[in-house]
Ligand SMILES: Cc1cc2nc3c(=O)[nH]c(=O)nc-3n(C[C@H](O)[C@H](O)[C@H](O)COP(=O)(O)OP(=O)(O)OC[C@H]3O[C@@H](n4cnc5c(N)ncnc54)[C@H](O)[C@@H]3O)c2cc1C
């Protein structure tokens, strides 16, 4: 194989970004994708870079973890974020996209690129030569077997849950109002107001709803399933079970969402976010769930305005595989067991769409010898460190958040100002780092 040839397995978010980065540098790329021939339990199309759940790539504000990560990777030349911006739909401060349009556009660019050979094939045996495995949280069994054979039985796993989507024309708009929290600009969200009695009944129904059990998901890899949910994607019924007010203080908090019809703040509010540019479907925000389908229909129809909701997709639980990164990686994210093989995206231990894109870009830049470990003041530098942290007791997937960053030298009490200062420091140290490398 030519020295400047790379195999990339998986044309998801990390794999597509990495492929485009290599191609932009003149490398020859063999990009393998198993869909649509073999599919996963969450993907619906055969396109590259399909977003499997929410259409939101989260906030663009630099005083949020996801926003700062975007700021960093935009500066480093991220390519998928540019395509996402072209396919964006209104979502306040968030970068949300028309999922189909985004995936179609990425596929068009990849398949038309003269340096990329796009191969529709499930990879089971790892190819010879420099290779990036970017097969994601739903990596096929065949490739997981190969990875396991290579690194030993060191891969971990957990389960996630996704939220239901309802069709717009089945929503009763007489009960629902359009408003963003604290009326920031043109509203992007629909709000369903709950009276106290409705709220209590809803929480009780969620808490006692019939759900899938762990033993139903045990398979040959997962001898024992403990459902250790990742804290950021806890099923709504689990949150409801934590206390009667937990939802009202979390995803259903009514603050800044006064009902324009009554002028009053409801007891609780369920928000709905558009799934596509045409707003033909809405996602029930924060309602990722592992309730059984008939239970979802019964319980989510208790939401005012959704009494006759047509469910375009039910919430579900899914497998989410990732490696025990600190044990299996060299400092450049290649495998100790075979330094020609690198791992990117969610399988490497990052969590989230933008984190996976960032990981694909970062691995490409590392392999091309442009960067190593980024400054500790940056979110991406901290994500890298977390994956290589041999001191950590148990590897847990990590997403972009301010908690990762080291404290400022000066104490700033105001939370927003502190975050702004942290973001400024991050971008400045990244700039210096990239500047010394002429990037
Ligand atoms: C159901 C679900 C919902 C999620 N929801 C969100 C969300 O709302 N927001 C968020 O930020 N993150 C979410 N995530 C987490 C994560 O951000 C996404 O999974 C993201 O797509 C991960 O990017 P990736 O590139 O690592 O993997 P993917 O985007 O999944 O790409 C991996 C690709 O590899 C292919 N593949 C797998 N095995 C093989 C093989 N053997 N040969 C060839 N190709 C193969 C797959 O078909 C896929 O196209 C969710 C994850 C799951 C599973």
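Below are the figures for this structure:
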| quantity | calculated |
| --- | --- |
| Candidates 26, 12, 82, filtered to the one that is surrounded by 19 or more Cβ atoms within 10 Å (Cβ to Cβ) and in the same structural domain as residue 399 (by TED's automatic domain parsing) | 12 |
| Given (1) at pLDDT below 95; (2) in a loop (DSSP other than H, G, I, E, B); (3) more than 12 Å from the ligand (Cβ to nearest atom), number of the condition residue 169 does not satisfy | (2) |
| Set 136, 67: member being within 11 Å of the ligand (Cβ to nearest atom), modelled with pLDDT of 95 or more and buried (at least 21 other Cβ atoms within 10 Å of the Cβ) | 136 |
| Condition broken by residue 289, with the remaining ones in (1) touching a helix residue (DSSP H, G or I) at 6+ places or on another chain (Cβ under 6 Å); (2) modelled with pLDDT of 95 or more satisfied | (2) |
| Residues located in region 396-415, provided they are farther than 13 Å from residue 68 by Cβ and more than 16 Å from the ligand (Cβ to nearest atom) | 406, 407, 408, 409, 410, 411, 412, 413, 414, 415 |
| All positions within region 366-393 that are under 21 Å from the mean Cα position of the chain (by Cα) and farther than 21 Å from residue 67 by Cβ | 387, 388 |
| Unique residue being farther than 30 Å from residue 303 by Cβ, more than 14 Å from the ligand (Cβ to nearest atom) and either at pLDDT 90 or above or part of a strand (DSSP E or B) (or both) when the list is 126, 156 | 156 |
| Among the candidates 372, 407, 307, residue that is surrounded by fewer than 22 Cβ atoms within 10 Å (Cβ to Cβ), over 21 Å from residue 434 (Cα atoms) and free of Cβ contacts under 8 Å to residues at least 60 places away in the same chain | 407 |
| Any chance residue 322 is surrounded by 16 or more Cβ atoms within 10 Å (Cβ to Cβ), at positive phi and within 15 Å of the ligand (Cβ to nearest atom) | no |
| From the options 245, 332, residue that is away from the ligand (no atom under 16 Å from the Cβ) and either in contact with a helix residue (DSSP H, G or I) (Cβ under 6 Å, 6 or more places away or on another chain) or within 30 Å of residue 130 (Cα to Cα) (or both) | 332 |
| Every residue from region 10-45 that is more than 7 Å from the ligand (Cβ to nearest atom), touching a residue at least 60 places away in the same chain (Cβ under 8 Å) and assigned to a loop (DSSP other than H, G, I, E, B) | 25, 26, 27, 36, 37, 38, 41 |
| Subset of region 172-202 (residues that are assigned to a helix (DSSP H, G or I), over 25 Å from the mean Cα position of the chain (by Cα) and touching a residue at least 40 places away in the same chain (Cβ under 8 Å)) | 182, 183, 196, 198, 199, 200, 201, 202 |
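To keep it simple, each residue is scored yes or no on (1) at pLDDT below 95; (2) over 23 Å from residue 276 (Cβ atoms); (3) not in a helix (DSSP H, G or I).
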residue: 71; (1), (2), (3): no, yes, no
residue: 81; (1), (2), (3): no, no, no
residue: 85; (1), (2), (3): no, no, no
residue: 92; (1), (2), (3): yes, no, yes
residue: 101; (1), (2), (3): no, no, no
residue: 104; (1), (2), (3): no, no, no
residue: 119; (1), (2), (3): no, yes, yes
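The values are calculated or read from the model by the stated rules, or taken from the named source; none is laboratory data. Note that this is a predicted model, so its numbers are computed, not measured. Heads up, the Cβs are rebuilt from the backbone with ideal geometry, glycines too, and the neighbour counts pull from every protein chain shown.
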